[in-house]
Each structure stands twice: as C-alpha cells, then as structure tokens.
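Below is one structure; the comments refer to it alone.
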C-alpha cells in the first residue's frame, strides 16, 4: 500500500488558524465556557475497532498544538521520542558513530597506501 507523504505544517497551519477563528470567533466557544469549568482537564484516545487507515492525523494534532502546545501527545510517534534529551542523545551517538567510522576508514586508507 502506498502511503502519501503528509503536507508540511507550513502548508495547512494557516487553514487550521482560519477554521479555529471561524469556530471560536471573538467570543470564544460559548457552549464550553458555559458548561465546563476553566480548570477542567481532559484526555482522549482514538481507538480503531479494526484495521484500516485514518486520514488527517497531522492536521488534527496541529489543531491541538495550536490550542495548547504543551498538552499535545499525538501518539503518532513513541512518547520517548518526543523527549528532547533523548533526541539529543540519539543525535550525539549517531554523529559519534559517523565520526569514528570516518576515522577508521581514513586510517585504513592511509595504511593500505603505505603498505604498497
């Protein structure tokens, strides 16, 4: 199955902002403000009953990120991957491996050149 590459957020974020502005307007979400206390927090899971495909996950995550960037946990990537220190550590060890490999190749090439 061919999976299309999702568009970059730069492409669809202005549309998300327009949709939110139209939905919330100047007054905000009147129904929610009238029925839900401001300190109320909620969470949700999107669960499929059977295999299939779902469209628009990056856009849905983008809406939540625009409303509250700190609260977003999309489930699109493992939770450990979103931790900044984990990403830095993976990057560090990756580039360390690349550097050591390049040095090993250079030593091999110098030795084989002198061995002739």
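For residue 15 and residue 104, compute 0.36 nm times the residue count separating them, minus their Cα-Cα distance, and round to one decimal in nm.
27.0 nm
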- Item | Per-residue Cβ neighbour rank within 10 angstrom, fewest leading, 113, 39 | 39, 113
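May I ask you to derive the FRET efficiency for residue 34 and residue 5 from their Cβ-Cβ distance with R0 = 41 Å, giving the value to the nearest 0.05?
On the way: r = 42 Å, r/R0 = 1.01.
Using R0 = 41 Å, I get an efficiency of 0.50.
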- Task: Between residue 68 and residue 44, with labels modelled 7 Å along Cα→Cβ, what's the label distance in nm to one decimal, could you check?
- Result: 1.3
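Once the piece of chain linking residue 26 and residue 57 is laid out straight, how much longer is it, given 0.36 nm per residue of separation minus the C-alpha distance between them? Before the final figure, lay out the partial values.
On the way: separation 31, 0.36 × 31 = 11.16 nm, distance 2.70 nm.
Between residue 26 and residue 57, full extension yields 8.5 nm more.
Values in this text are rule-based calculations from the coordinates and carry no lab data. Bear in mind the structure is a predicted one, so any value in this text is a computation, not a measurement. When we count neighbours, we look across all protein chains shown, and the Cβ atoms used for this are built from the backbone with ideal geometry, even at glycine.
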